[in-house]
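What follows is a single structure, written as structure tokens, with notes after it.
The values are calculated or read from the model by the stated rules, or taken from the named source; none is laboratory data. As the structure is a computational prediction, the values presented were derived from the model and not from experiment. Positions of Cβ are generated from backbone atoms using ideal geometry, with glycine treated the same way; all protein chains shown enter the neighbour counts. Calculation scope for accessible area: heavy atoms of the full protein, side chains included, ligands and nucleic acids excluded. Shrake-Rupley method; radii C 1.70, N 1.55, O 1.52, S 1.80 Å.
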Amino acid sequence: MRRFLPQTLPVWVLLIVIAGLLVSQVTTLFLVARDRAASSDVVDYYRLNDRAFAVVQLLYEATPQARSAMASGLSSSEYALNISDRPVVTSPIAQDDQLAELEDILVGRLSRFGITEARVRRDPVVPPSRSARHTPDESDIGEVEKDLLALTAGFAQGDKLTASIQFADGQWLNFAEPMIPPGPVLSPASLPLYAIVAGLVVAMSVWSLRRLTAPYRMMESAVKRIGEDLKSPPLAEAGSREIRAAAHAVNTMQARLRAYVEDREQLAAALAHDLRTPITRMRLRLELLRNSSVRSALAADLADVEAIASSVVDFATFEISEESAERIDFLSLVESVADAYSEVTFDEAGVHARELVCLARPVALKRCVTNLVQNAVTYGQRARLSLRHGDDRIVLVIEDEGPGIPQAKLDAVFSPFVRLESSRSRETGGLGLGLTIARNIARAAGGDILLANRPGGGLETQLSLPLAG
């Protein structure tokens, strides 16, 4: 069930806005329809009251015979009216409180004309037969006549109020009053307007949400970029107050992290550099000793300490260097590195220099490629290089003939000072910083390094870099 739910805050907020809009619209339409029906009933009661007063005022002084004749003259198919000895509304009990109150109003208003009782009943519509229906040709009538015909059809299809009013002499005046049919709340003419308004509300909601969530998206992309390259340019502190505050907070965090890392790197470089002086003195004093197994062991230990110090200095100075990025002919760079190793073959068929231009720090990128090639030659005896490119990336593939790396440790070898004891001991390789430096350089240029074991044996290293625009 959770997989069908939205996974982002803007989508949740948008769904809440749309749901609230639908609920409010449906509620509003319901209230409007109810109020229109109530208002229509009040108008119908007023029309019945007004017509009863006019007809009673006209008939009350006439004789019973004259009343019947006058009633026949006033009657029509839509407004039936007659005089009889019996009421059409037979029940003296009203259908509801409103009709009961209307009966009291009629008696009170018409009492001066000798009216003693009034009964009102609401009758449901009786749909006319198909043969009785007449639809005029709308092409020959105007807009006003169309509206009148539509209203007449509505009266014919709506309920009616039937009233029976008793005169003082016992005769009953019976007549029917068609009720005004309440128009639909939604009509084909109003639906486009509702759709336009709803679309505008949704569009404004989407725009507002994008504006409101812009700081979060900016912080997400900025933190991801800082994680890949701590020396990336700071964010522009522009826009609304919230966006400026978020950008300033990210820039402050980046500056502090950068200062913290640089301080530690400079400290490591300084310590490693300072170790060289006592190491040199120890080596000079060691030369004064006679040849012995102890002297050879101490010389080997000093060589290891010196190699560690040199590697730490190289690692630290790389991280704090300020080399500028340039457009680089990657094909020529790989050729120059491959020419330095007799164990390396470079397959450059099908690629051209102008197709393989990237944007990176030249010295750092050459060191990255050199470390990868050196790693392949040291642990795989021989290496084969090839280049390919897609729409936006360059890929350098390095294949060696070594034992490969256990699958569980393919990512761990990128950590500083990590070595695989089975085949990458200090006697046969470095100190575990080559791949670390290489991947840091690649990621700083917007690329990455991936390792994979070849099915036929050996390790495949892929260095991917974005093509320069």
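How much net charge surrounds V107 when only the other residues with a Cβ under 12 Å from the Cβ of V107 are counted, with Lys and Arg +1 and Asp and Glu -1?
-1
Can you work out the Karplus-derived ³J(HN,Hα) for every residue in the range 37-51? Use 6.51 cos²θ - 1.76 cosθ + 1.60 with θ = phi - 60°, whole Hz, and x for glycine or proline.
Values, residue by residue: 5, 5, 5, 5, 4, 4, 5, 5, 5, 5, 4, 4, 4, 5, 5 Hz.
Taking the Cα centre of the range 368-416 as the origin, how large is its charge dipole in debye, to the nearest 20, when only Lys and Arg (+1) and Asp and Glu (-1) carry charge on their Cβ atoms?
Here the size comes out at about 100 debye.
Would you kindly compute the Cα radius of gyration of the range 343-416 and its largest Cα-Cα separation (Dmax), both in Å?
Just the Cα atoms of the range 343-416 yield Rg and Dmax of 13.9, 39 Å.
Keeping all protein chains in the complex and leaving out DNA, RNA and ligands, what accessible area do you get for Y379 with a 1.4 Å probe, in Å² to the nearest 10?
Surface accessible to solvent at Y379 totals approximately 30 Å².
Which value, in debye to the nearest 20, gives the size of the charge dipole of the range 187-247 about its Cα centre, when Lys and Arg are +1 and Asp and Glu are -1 at the Cβ?
Here the size comes out at about 60 debye.
Rank W12, W207 by accessible area, highest first, at a 1.4 Å probe radius?
W207, W12
Using only Cα atoms, locate the centre of the range 321-371 and the centre of the range 399-417, then give the distance between them in Å, rounded to an integer.
Measuring centre to centre over Cα atoms gives 23 Å.
What residue among V32, I93, Y46 has its Cα farthest toward the positive end of the dipole of the range 12-102, where the charges are +1 on Lys, Arg and -1 on Asp, Glu, each on the Cβ?
Value computed over the given set: V32.
Test of understanding: express the Cα radius of gyration of the range 193-293 as a ratio to 2.2 N^0.38 Å, with N the residue count.
Output field value: 2.20.
Report the charge-dipole magnitude of the range 202-309 in Debye, nearest 20, computed about the Cα centre from +1 at each Lys and Arg Cβ and -1 at each Asp and Glu Cβ.
200 debye
Starting from the amide H of R393, placed 1.01 Å from N in the peptide plane, find each other amide H under 5 Å away whose residue is 5 or more places distant or on another chain.
Placed amide hydrogens put L467 under 5 Å from R393.
Along the positive direction of the dipole of the range 204-270 (beta-carbon charges: Lys, Arg +1; Asp, Glu -1; about the Cα centre), which of W207, A238, Q266 reaches farthest?
Of the listed residues, the answer is W207.
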